[in-house]
Amino acid sequence: MVIDGTWIQARAMLKRNKKLSALPRVSSDTAHRSEYRCKAQLHPNYLSTVEGVRRKIEALADCRWNRGRI
């Protein structure tokens with residue numbers, strides 16, 4: 001499950017829904033710059049939701065391929 005919205009909207013959703021807030025969370029480093037060009041990001045290392053999901057899928061694929069850890 002991925003929450004799509006601004007940080008403020010996502011935080012509000014988590015506060016309102018106890019079951020949602022109890023789910024495990026995944027975070028990312030901010031080493032990658034956004035490639036999203038439809039609108040400007042507030043910070044160069046902020047990623048759109050789809051970019052964040054893509055990075056996680058790539059990390060999982062690399063982990064599986066290399067049998068390593070994420």
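The values are calculated or read from the model by the stated rules, or taken from the named source; none is laboratory data. Source: prediction; values computed, not measured. Here the Cβ is made from the backbone with ideal geometry for all residues, glycine too, and neighbour counts use every protein chain on show. To get the accessible areas, we keep the full protein, side chains included, count just its heavy atoms, and leave off ligands, DNA and RNA. Shrake-Rupley method; radii C 1.70, N 1.55, O 1.52, S 1.80 Å.
Using beta carbons and a limit of 6 Å, which pairs, at least six apart or on different chains, have the first residue in region 38-50 and closer than 13 Å to Ser28 by Cα and the second one of a type outside the set (Val, Ile, Thr) and at pLDDT below 70?
Ser48/Tyr36
Give the residue, chosen from Ala22, Ala59, Ala40, Ala31, that is modelled with pLDDT of 85 or more and open to solvent by less than 100 Å² (accessible area, probe 1.4 Å). Working first, answer last.
Numbers: Ala59 fails: modelled with pLDDT of 85 or more; Ala40 fails: modelled with pLDDT of 85 or more; Ala31 fails: modelled with pLDDT of 85 or more.
Testing whether each residue is modelled with pLDDT of 85 or more and open to solvent by less than 100 Å² (accessible area, probe 1.4 Å) leaves just Ala22.
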